[in-house]
Every structure is written in structure tokens, then in C-alpha cells.
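The values are calculated or read from the model by the stated rules, or taken from the named source; none is laboratory data. Computed from a predicted structure; not experimentally measured. With ideal geometry, Cβ positions are generated from the backbone for all residues, glycine too; neighbour counts draw on all protein chains shown. Areas reflect the complete protein model, heavy atoms only, side chains present, ligands, DNA and RNA absent. Shrake-Rupley method; radii C 1.70, N 1.55, O 1.52, S 1.80 Å.
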There are 2 protein chains.
Amino acid sequence: MTELLNNREYKKEQLKNLLKKIHEGEDVNKLKAEFKAALSSISPLEIPLIEQELVKEGISAKEIAKMCDIHVELFREAVSGTDELEEKDLPEGHPLRTLYEENKEIMKDAEMLNLYASTLVNTKDERMRKEILGVLEEIVGNLRKVGFTHYNREEMLTFPYIERRGLTAIATVLWTKHDEIRFMIKRLAELLAGREEMSWEEFVEKFKAKASETSFALSDMVFRENNIYYPTLKALLTEGEWKAIRQQEDEIGYYKVNPPMWDPGENVKPLHPWEIDPELSVEQLLELPKEVQQALKGQPLEFDKAELKREGDIDLGTGYVNVEELKAIFEALPVDVTFIDKDDRVRFFSPGERIFVRTPSVLGRPVQLCHPPKSVHIVNKILKAFKEGRKKEATFWIRMGPKYVYIKYVPLFDENGNYLGTLEMTMDIAEYKKIDGEKRLLDWRD
Amino acid sequence: MTELLNNREYKKEQLKNLLKKIHEGEDVNKLKAEFKAALSSISPLEIPLIEQELVKEGISAKEIAKMCDIHVELFREAVSGTDELEEKDLPEGHPLRTLYEENKEIMKDAEMLNLYASTLVNTKDERMRKEILGVLEEIVGNLRKVGFTHYNREEMLTFPYIERRGLTAIATVLWTKHDEIRFMIKRLAELLAGREEMSWEEFVEKFKAKASETSFALSDMVFRENNIYYPTLKALLTEGEWKAIRQQEDEIGYYKVNPPMWDPGENVKPLHPWEIDPELSVEQLLELPKEVQQALKGQPLEFDKAELKREGDIDLGTGYVNVEELKAIFEALPVDVTFIDKDDRVRFFSPGERIFVRTPSVLGRPVQLCHPPKSVHIVNKILKAFKEGRKKEATFWIRMGPKYVYIKYVPLFDENGNYLGTLEMTMDIAEYKKIDGEKRLLDWRD
């Protein structure tokens, strides 16, 4: 017993000294080897206890968190050697490499969540509890972003490619698990926010259980992705597909990484899901992870070969529609639009029932002649401010019987900043002003 | 004096008997000749006095209004013979004939306004005053519609044709006068609504003066239109132009008339302002009213020959835009749209900064695969209800940080009622909920 205590006492002293060095400004990376040595001899179960004592002795939870990073990294290195291999094969900025890198961060945060939740249970000191709660809030707050970034990129950018190839089941299973994890993290955040509503004992017990469950689910997902999903993507997706994915990733964002741009070469055309040949080659099949090969044996793959672009479609850059659909879209908008071109002439108005009636006779008419002579000078002032880039919008609102009409003018510019014209948008905002509370998709009733 | 009184007493008795017959349900038109005889011998100045006495004796103001109609008609017939001629030359439903017919109604109401305002001044009885005020409210309420219908059709449907031909000044002068009249009628309505805020004497004096001014301005406009503007239109506009106008008139509406459809023939192509040859022929010039010919002597006409349709423009039915403009329009909309086609596949989303990020990878993806597996059954239920025509929209609203996100799904159909797809519209309504009061064009500051 004395020996054990002495041993722990010794390790604690070691860690404390290292932490002090961090506190004094020394670079964590430089201390890594020393931390490694100190931590490697401590069992994961002991760490929370030591951390607790360190906090008691005045070392802040934030500094301990830095040590955790190192600990988790060591832990990860010990258990998984394969991920590293995969990752090193891929160039920096390659979307698959980014996914692996994010998974390291997720793993680290999942473990930190578990460690801190355990520490919290054993902490008696009020001030320390507060500090640990602060760290937990930060970890949970970060983890909420996993859903918006890492999972979201997988669901929106990679799933369509495997769906086209008939592997829809994999996408559905992963998405269901992602949503479970999103839900768990949300509940953790709510538990933290509502901790005053229950006794401390009730709270820490609940929190520890939920945190451990969430931590496990997150790690489990990392494992599934690293070992099954990512190898599947690696086997199936071509350079052109990865290039298209890379071009869209920034729009969604990342979890704690910041990948550089990556381009497999100018001669590689970005391939969108609707542009690929979804049939699997024998080579691709053989490269798939065993688990996926096994799953495919049961049922034949249904490739999705539906063509996106039809004869006569207009390419709008973000989709392909025909004139009939375009007309119907403009008619359905909750906003009436009228477009005047760069020469101030009315060029288009949206059809259908409108707040301010428009008839074809207005087409080609200079906008100055479409207004009561009394207000023409203001129309001209607004257009001048738009063309000179001095104003980005002009808004007005008037009551008209039961309608509350909101009018917005905005100048339109092309990609090179050339003035294309001005758009008038008119909408009745009366109904929006009455809206209250929430109504979600799952509240919908037939 | 006795003779005069007796005379008036006699006329009054005549009118009273006629009004009783109306009251008993006899057709006004059948009594027209008798009314004509009775009214023809009364000076316009006497009429308000007689009406006042009739009201005192229990005949309602509404019934007296019917007599007024006949009186005004007789008056109009006496002063203007030319309009009748013009009108008879035109087929029923011809837009120019409709304008003339509306002017008869406007003339009648303008005179009734003046007559009743005068009667009001001389009315002492409280109950009678109330009744006359009721009639005046109705007349003023009707006259407000002159601006939305008769003037609006002229401004929106006929002005573009004369503007193209360089007669912009005529359009501007008429529009300015229309707006003055609109303003006068609005003030009359406000005066009526706010009559409790001043003494009765102050109110009737003010009202009589304003009513007389408004009545005169309305009649004066009828005169200008009938004698100058309509003959100008008659000299210049071709059958094709009138056909195009007729096709758009119903959208705006009419003042107290209900013209039948009119079509100069299937072989006559409707001509929109941007499709005409704006140059005036010698024949057209000579047919113009003297006043317009005189005005044209001063300065050469500047024909507007700007072409509306450009190379590569998309014809949207209500205008011509190119792809670049379309993209900019969708980007500027205060609504994010996503369109799924009849096969439930995502076909288009609007570009730019969005509430819910969309990337090209979603194009062609079945909408069922774009939702968390948990809510797919609801997406399918909504689409089924749309396709079967059981629902016309599905709306949702959720709070997202500072945003209040309003989501609306609507099914789109083609002209034959075939399902084209469903449009998802997403907007942040937080800013609309904050809007209060009014901000009009004339309030704009540079």
C-alpha cells in the first residue's frame, strides 16, 4: 500500500513538474517525450485520481487538458496502427485524409469527455467542480460541432457516391448512428445547462453515465469509419470524385482541422455523383473491406443510373431545370420579383398572383416611366447609389389592408463585379409576424 | 314668390311620387322618361334643396341616389355629344370603349359627390345628415377605386405604347394629374373618417370645398381623356396593340363596368409595346387631335426602339433573362429554394449564402436519401399528399440561434395540372418580426 502510494506520489510529482513547465510557457510538443514516459506507467483508471489531486494543488483544469491531449494521443497510438498507415498514403488536403485527421480529434475529445466526467464524480472541492464543469462545457460544445462538420460532410458529400453505386444501406446505417450520437451530445449539453434542477449527486451520476455512453458511441463510430467506411470509399471513389468533394468541403466546414487545398491535377475533371459510372469493377469489389464484401453477397447491387440533365434543360450552375419548371418556381415563391436590367428597363417579373399587379406591357419599359412622376427622382437616386456601389439594398414597408408589404431592392452584379441590374422583391410579411414557437418536420400530420 | 314655392312644391311632389314607385319596386329604367321630364325643369341649384326636403319627409338617401344617376345622365347627355359618337364606333369590349364607358361612371360619381356635399351643408336634421354621410362614404369609397382601375389601366397598359412613340410628356402629365386626384380622394376619405375631430360647421365647409375641388378635377380629367388622350390612342394604336391590352385588362380591373371579351380576330397577333414599330405615319400624325399636333411641333419625337429580347435570352413568359441574370436573381432572393422533380430527385438549389448549406453533390439525389433516416417517412407522407392533391403546402418553423427559420414546401404543377415536383423554400423571418410602422419610397435618404 505504501509502495503504491509512494509510486503514485512520485508519478504525480513528475506530472506536476511537467505541468509547471507548461505553465511557465514551455512548448507542449517539446515536453511530449517526458509526458509520454510519465504517463505510460500510469493506468487509465489512475489518471482521473491524479488529475483530481493536481487540481486540488492549484493546477488549472485547462492545463490538465493539455496533458490529456498527450495521454489520448499515446493511447490512440497504442491501440490503432492501421489508421496511421492509411493516412500516410494520402496527400495533405485529400478529403479522405481530412476525415481520418478529424477522427483523431474526435477520439481525443471523446476520451477527454469520459476522463473529465469521471474526475467530476470524485471531486469534492466546490471550486474544482466549477473548473471541471467549465472544461466539460467546452468539450461538449466542441463535440456538438462533429454533427455539423465531420458527419455532415460524410452525409452530404460522400454518401451520394456510394448511393449511386447501390450501397445505400451503408449510408442509412451510418446516418442513423450519426443521429443517435448527435442526440446524445445534445442531451449532454442540456444536462449541463440544467444541472441546477437536480441534486449534485443525481447530476454527476447521470452525467457520468451519459458521458461514458456518448464517449463510447463516438469512439465506436471512429472505429467503424476508419476500418469499414473509409476503406470502402478508398476502394470505390476515383480522383475526379475526390476532387469534386474537395471543391465543396469548405462550404460545410471541418472539425478542428484546417486542410490545405488539394487538386489531383488540372487534367482530372471533377466528377459529381450524377456523372459517374456507378458499376463496380472486379478490382473495386476485391478491394472492399471484408465486412462490406460479406454484406454484398446477400443481394445484388442496384446501381442508380438516372440522368440528371435532360434535353433542353437550362444549366444554372447549381442545377438543371427546364423553362416550365422555372416558371412554376417563380410562381410559387413567397416573394414577387421584378428585374430591371443594366439599362433600367423592366426585363422580367414573376408570374402568378401578386401584391402589385404586373402585366406584360411593362416589359422593356424604362423603370423611370413605371413610377408616379412625383417619386421618380428617388428611384433614380437609389439606382445611382446601387450602380456606384454605395448602397447594397433599399428596403421599405407599408401597410395595405390586412397585408404588411415589405419591399426590398438590391443591385445584382456578375462574377466580375459588373452591374447587371436591380431586383425588386415584394412580400407580405403579415403572416410571419404572427408565427410563434416551433413546428418541426416530425410534428407534421397528414 | 308663392308661384316659385308652388312650382317647387309641385316638382317635389312629382319626384316624390316617382321615388315612391322606385321604393315599391318599379324598374328605374321604366321611370326614366318621367324622371327626365320632372328633372329637366329643375335647375341644378334647386336639386339639393328638394332632395333635402325629400329626405326630411322620410325618403332614404339611397333612393335619392338613384334619381341622381338619372339626373347626371341627363346632364351629361346635354353637354357632351361627341363622346357618344366615339363610343358607338367601337365594338363592345374594345379597351377604348371601356375607357369611355368608365368615364361616364366617373362623371356621374363626381357629380353625385358634389351634389351630396352641397346637400349636406344645408341639412339640419341629425338623422338626415347621418344618411347623407353614409351615401358620401360610399361615393368616396367607390371613387378611390378609380385610381386602382381606370387610371391604373391607362398608366400600365396604354402609356407604354405612346412612350415608345416618343409621346412621353403626355403620359407624364396625365400620371401627375391622376396622382393629384388620387390624393384628393384619399384626403376626402380621411376627412370623412376624422369628422368627429372638428365641429360640424368646420367639417361641412371643409368637406364641401374639397368635394367640389375633387369633383371638378375628376370631370376635368374625363374631359381631357375623352377629347385629347383617347383620340390620340385611337389615331396611333393598331388592332394588335388593342388586342394585347385587352388580354391584360382583367388583371387590373375596371371601374363599375364589366366589359365582354373582345378579339379583333385570330389572324391579328397581339402586339406588346416592345414589338411595335414606334415611328408615326403621316396618316397617324394627321389623325391626332389638334392639341397633340400643336405640342409635337416644338420638338422632334424620340422613338424608343430598344429591343427587349437579346441573343440567348430565356423566354420565361413574363420576360426575357439570360442565365447570368437568372443566377444573380436566385442568389439575391431572401428565400433559399431547393427543387425536387417529379421523380423526387433534387434538381436545383439556389446559390449563395444559405441557411441550410447545399452543395452540388446533392443534385440528382433522391430526396428520401437527403434526410435523416428517422424523418424519411414524413417526407414521403408529405410528397404523397402533394402528388394526390390533398395538400397545397407544408410549413415549419424553428429557432436556430438568432435566426427564426421558416420552411415551406409547395407542390408545383404545369398548366394541365400535372405534378412537376416540389419546391422547398427556407427563409429567416427574424428581421420581419422586428419590423414596425411604415417606411415609404419618399422616405428614402441617400
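Pick out, in residue order, every one of the trypsin sites (Lys or Arg not before Pro) in the range A:95-156 that is DSSP loop and has at most 13 other C-beta atoms within 10 Å; say none if there are none. Kindly include the intermediate steps, with their values, before the conclusion.
Working: sites: A:Arg97, A:Lys104, A:Lys108, A:Lys124, A:Arg127, A:Arg129, A:Lys130, A:Arg144, A:Lys145, A:Arg153; in loops: A:Lys124.
Passing sites in the range A:95-156 are A:Lys124.
Interface B/A, total buried accessible area with a 1.4 Å probe, nearest 100 Å²?
On the way: alone 26130 and 26140 Å², together 42450 Å².
In total, this chain pair buries about 9800 Å².
Enumerate the amide H contacts of B:Leu271 below 5 Å, restricted to partners 5 or more residues apart or on another chain; note that Pro and chain-start residues carry no placed amide H.
Residues meeting the criterion, in which the H sits 1.01 Å from N, are B:Glu241, B:Lys243, B:Ala244.
What value, in deg cm²/dmol to 500, does the helix sum -39500 (n - 2.57) over DSSP H runs of n ≥ 4 give at 222 nm once divided by the residues of chain A? Mind dumping the intermediate values first?
Details: 17 runs with 242 residues, N = 446.
Taken over chain A, the calculation gives -17500 deg cm²/dmol.
Going by alpha carbons, how many degrees (0 to 90, nearest 10) lie between the helix axis of A:200-224 and the longest principal axis of chain A?
70 degrees
Given Cβ point charges of +1 (Lys, Arg) and -1 (Asp, Glu) and nothing else, what value in debye, to the nearest 20, does the dipole of the protein assembly as shown about its Cα centre take? Please list the in-between numbers first.
Values: 134 positive and 166 negative charges, 379 e Å.
With Lys and Arg at +1 and Asp and Glu at -1, about 1820 debye.
Identify the residues of the range A:363-380 with backbone N under 17 Å of a label point that sits 7 angstrom from the Cα of B:Leu442 along the Cα-to-Cβ direction, or state none.
Output list for this probe position: A:371-380.
Could you pull the copy-to-copy label distances for B:Gln294, with points set 7 Å along Cα to Cβ, in nm to one decimal and sorted shortest first?
Label point to label point, same position, other copies: 10.1 nm.
Using Cα centres only, tell me the gap between the range B:320-343 and the range B:111-126 in whole Å.
Spelled out, the Cα-based centre of one part sits 57 Å from the other.
Compare each residue of the range B:423-446 in its chain alone against the assembly with all protein chains, and report those whose accessible area goes down by 50 Å² or more; 1.4 Å probe, heavy atoms.
Residues meeting the cut-off: B:Tyr432, B:Lys433, B:Ile435, B:Glu438, B:Lys439, B:Leu441, B:Leu442, B:Trp444, B:Asp446.
Return one whole number: the accessible area per residue of the range A:80-252 in Å², for a 1.4 Å probe.
Values: 6720 Å² over 173 residues.
Per residue, the range A:80-252 has 39 Å² of solvent-accessible surface.
Based on the Cα coordinates of chain B, what is the per residue volume of their convex hull in Å³? Don't skip to the answer; put the middle values down first.
On the way: hull volume 114.2 nm³, N = 446.
Residue-normalised Cα hull volume stands at 256 Å³.
At most 13 other Cβ atoms within 10 Å and a DSSP loop assignment: could you name the GluC sites (Glu not before Pro) in the range A:303-358 that fit? List each step's numbers first, then the result.
Values: sites: A:Glu307, A:Glu311, A:Glu324, A:Glu325, A:Glu331, A:Glu353; in loops: A:Glu307, A:Glu311, A:Glu353.
Loop-located and lightly packed - A:Glu307, A:Glu311, A:Glu353.
Towards the positive end of the charge dipole of the range B:315-433, with charges on Cβ (+1 Lys, Arg; -1 Asp, Glu), say which of B:Ile407, B:Tyr419, B:His371 has the farthest Cα.
The Cα lying farthest towards the positive end belongs to B:His371.
Within a 10 angstrom radius of each residue's Cβ in A:311-323, how many Cβ atoms of other chains show up on average? Whole number is fine. The partial results should precede the final answer.
On the way: counts 0, 0, 2, 4, 2, 9, 9, 14, 16, 5, 7, 3, 4.
Averaged over the peptide's residues, the number is 6.
Going down the list A:Lys403/A:Lys439; A:Lys381/B:Lys234; A:Lys381/B:Lys104; B:Lys256/B:Lys290; A:Lys21/A:Lys256; A:Lys381/B:Lys206, which pairs span over 29 Å between their C-alpha atoms?
Details: A:Lys403/A:Lys439 23 Å; A:Lys381/B:Lys234 36 Å; A:Lys381/B:Lys104 40 Å; B:Lys256/B:Lys290 31 Å; A:Lys21/A:Lys256 26 Å; A:Lys381/B:Lys206 37 Å.
With Cα atoms farther than 29 Å apart: A:Lys381/B:Lys234; A:Lys381/B:Lys104; B:Lys256/B:Lys290; A:Lys381/B:Lys206.
Give me the accessible area per residue for the range B:315-433, probe 1.4 Å, as a whole number in Å².
Ligands and nucleic acids excluded, the figure is 39 Å² per residue.
In the range B:168-186, which residues give up 50 Å² or more of accessible area once the other protein chains are added, compared with their chain alone (1.4 Å probe)?
The answer is B:Trp175.
Which residue fluctuates most in the GNM of chain A (Cα springs below 10 Å): A:Val222, A:Val268, A:Val337?
Among A:Val222, A:Val268, A:Val337, the largest mean-square fluctuation in the Gaussian network model of chain A belongs to A:Val337.
Give the value in nm², to one decimal: projected area of the alpha carbon convex hull of the range B:80-252, averaged over all directions. Could you put the intermediate results ahead of the total?
Working: hull surface 42.5 nm².
Dividing the Cα hull surface by four gives the mean projection, 10.6 nm².
Tell me, what is the FRET efficiency for A:Asp343 and B:Glu279 to the nearest 0.05, using R0 = 25 angstrom and their Cβ-Cβ distance as r? Could you put the intermediate results ahead of the total?
On the way: r = 21 Å, r/R0 = 0.84.
Calculated value: 0.75.
Given B:Leu192, B:Leu115, B:Gly240, which one lies farthest toward the positive end of the charge dipole of the range B:80-252, if we put +1 on the Cβ of every Lys and Arg and -1 on the Cβ of every Asp and Glu?
B:Leu192
Could you tell me how many degrees, from 0 to 90 and to the nearest 10, lie between the Cα long axis of helix B:323-332 and the main elongation axis, the longest principal axis, of the Cα atoms of chain B?
80 degrees
Would you kindly work out, in nm and rounded to one decimal, the distances from the label point of B:Asp27 to those of the same position in each other copy, ordered shortest first, with label points 7 Å along Cα-to-Cβ?
10.6
Counting other Cβ atoms within 10 Å, keep those with at most 12, restrict to DSSP loop, and tell me which chymotrypsin sites (Phe, Trp or Tyr not before Pro) in the range B:337-446 are left.
Loop-located and lightly packed - B:Phe356.
Where does helix A:376-387 land angle-wise versus the long Cα axis of chain A, in degrees 0 to 90, nearest 10?
With both axes taken from Cα atoms, the answer is about 40 degrees.
What is the sum of charges, Lys and Arg at +1 and Asp and Glu at -1, for the other residues whose Cβ falls under 9 Å from the Cβ of B:Leu191? All intermediate terms of the calculation are to be shown ahead of the outcome.
Numbers: positive: B:Arg187, B:Arg195, B:Lys206, B:Lys210; negative: B:Glu190.
Neighbour charge sum, excluding B:Leu191 itself: +3.
Within chain B, what whole-number % of the accessible surface is contributed by carbon and sulfur, with the 1.4 Å probe and all protein chains included in the calculation?
On the way: 10980 of 21210 Å².
Using a 1.4 Å probe with all protein chains present, chain B comes out at 52 percent carbon and sulfur.
Just which residues of the range A:357-388 lose 50 Å² or more accessible area with every protein chain there, against their chain alone, with the probe set to 1.4 Å?
A:Val357, A:Thr359, A:Pro360, A:Ser361, A:Leu363, A:Arg365, A:Leu369, A:Pro373, A:Ile378
What distance in nm separates the two pseudo spin-label positions at A:Asp414 and A:Glu324, each 7 Å out from Cα along the beta-carbon direction?
About 3.2 nm, to one decimal.
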